[in-house]
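No value in this document is a laboratory result; all are computed from the given coordinates. For clarity, every value in this text was computed on a predicted model and none was experimentally measured. All Cβ positions, even for glycine, are placed from backbone atoms using ideal geometry, and neighbour counts span all protein chains on display.
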Amino acid sequence: MTELSSILLKEMAKGTLTRLPGWQRLRRKRGGEESASATYCYAVWLKHLTLLHAGGAQAIPESLGELGPGHSLGVGLAAMLSGVNHYVALDSLPYATSARDLAVFEELVVLFRERTGRPKKGWPDFDEHLDERLFPSSVLSDAVLERTLAPDRLDAIRRVIAGETVPGLSMRYCAPWDDAVEDNSVDVIVSHSVLEHVDDLQTTYAALYRWLRPGGLMSHQIDLTSHATSRSWDGYRSYPEWLWWVVRGKRPYLINRAPPSEHLRIMAMNDFKIACNLQRRADTALPATRLAKRWHGLSDSDRYCDSTFIQAQKSVE
């Protein structure tokens, strides 16, 4: 029997409220405010960029797509300060604003000028690919940054943020993002703690495959924890389906509960070649006897994985 903790009761109440008429007027904006922090966006971009190059990527991509940028387009702006010329941000709803983006951009310029090391040690650990300052100078050399931080380029990016058309540079914000990107048009797609919120993973991974150029790469960090829907990090796996239906309600997104093997299976179905598959093992997991029927037979590697970092490549046609 699932324990009716105060957390679960609260989440059941939230889910139930979404089934009442007019609940949207009471709905608060989602979390993810950390994406309005320049330091956070800088850290996210340095991680994905460094690990892409550690996996064999040879150059800064010309174009970048990002799923779920959140409250600012800071990750994409960090990418443009690294040499990316075309950036498309894809979200379910619009949260970022040009005023906030410009403020984040100015802070990012300082971080790059000072070659600031990665802000804090996180997972996965990529320090072995950084210099003594904990900066990826092997990727972002002084020569590269002299070009990408040139005053005329910085002014051009500011104009793009303000909505102006600038030859050779572009930044698009698509929310909702359905069919927002041309096929075979993007070099790299990244997401950070986003794909755990996507209900239709098959449609999403198929879209990512279409959008990437042949040989293009995608890089995703996926948080597999409960996102406060249960007391323990994996407590949602003790909920029978009727109870999850109550908790989920009609929220536009929550968590899809897909284990890492499900992401890998769907990527393979869409002809992605896995280039990097890192999994963080939690210290504890629910005993098999407490798992709801849906999760009977879940492998130990899935049960104990609370975060995964996956990079995959589209086939070269």
Please list, in order along the range 258-271, the HN-Hα scalar couplings obtained from phi with the Karplus expression 6.51 cos²θ - 1.76 cosθ + 1.60 (θ = phi - 60°), rounded to whole Hz, x for Gly and Pro.
5, x, x, 4, 5, 4, 5, 4, 6, 4, 5, 4, 9, 6
Using the alpha-carbon centroid of each, what span in Å lies between the range 252-317 and the range 185-234?
11
Dipole magnitude of the chain about its Cα centre, charges +1 at Lys/Arg Cβ and -1 at Asp/Glu Cβ only, in debye to the nearest 20?
1280
Pairs Lys121/Lys314; Lys10/Lys250; Lys273/Lys293; Lys47/Lys314; Lys10/Lys121; Lys47/Lys273: which exceed 26 Å Cα-Cα?
Lys121/Lys314; Lys273/Lys293; Lys10/Lys121
How far is helix 98-113 tilted off the main Cα axis of the chain, in degrees rounded to 10, range 0 to 90?
60
With the 8 Å Cα cutoff and a minimum separation of six or more residues, the chain has a relative contact order in percent of 20
Can you tell me which of 282-288, 228-234, 272-278 comes out highest on packing, and rank the rest after it, using the mean Cβ neighbours within 10 Å?
228-234, 272-278, 282-288
The exposure ranking of Val186, Val316, fewest beta-carbon neighbours within 10 Å first, is Val316, Val186
At most 15 other Cβ within 10 Å, DSSP loop - trypsin sites (Lys or Arg not before Pro), the range 115-222:
Arg115, Lys120, Lys121, Arg133
I need the shape label for the range 99-213. Rule: rounded when a/c is under 1.5, else prolate if a/b > b/c, else oblate, with a, b, c from the alpha carbon gyration tensor.
oblate
Sort the range 148-196 into rounded, prolate or oblate with this rule: let a ≥ b ≥ c be the square roots of the eigenvalues of the Cα gyration tensor; rounded if a/c is under 1.5, and if a/c is not under 1.5, prolate when a/b is larger than b/c, oblate otherwise.
prolate
If each K or R counts +1 and each D or E counts -1, the residues other than Asp234 whose Cβ falls under 11 Å of its Cβ total +3
For the range 32-163, report the % of Cα-Cα distances exceeding 17 Å.
55
Towards the positive end of the charge dipole of the chain, with charges on Cβ (+1 Lys, Arg; -1 Asp, Glu), say which of Ala180, Ser261, Gly216 has the farthest Cα.
Ser261
Viscosity 0.692 mPa s, temperature 37 °C, Stokes-Einstein D of the chain from Kirkwood C-alpha radius, µm²/s:
159
Determine the shape class of the range 209-259: with a ≥ b ≥ c the square roots of the Cα gyration tensor eigenvalues, call it rounded for a/c under 1.5, and otherwise prolate if a/b is greater than b/c, oblate otherwise.
prolate
Estimated vicinal HN-Hα couplings, Hz - the range 54-59 in sequence order (Karplus 6.51, -1.76, 1.60; Gly, Pro = x):
5, x, x, 4, 9, 8
Can you compute the helix-only [θ] at 222 nm over the chain? Use -39500 (n - 2.57) per DSSP H run of at least 4 residues, normalise by all residues, nearest 500 deg cm²/dmol.
-10000 deg cm²/dmol
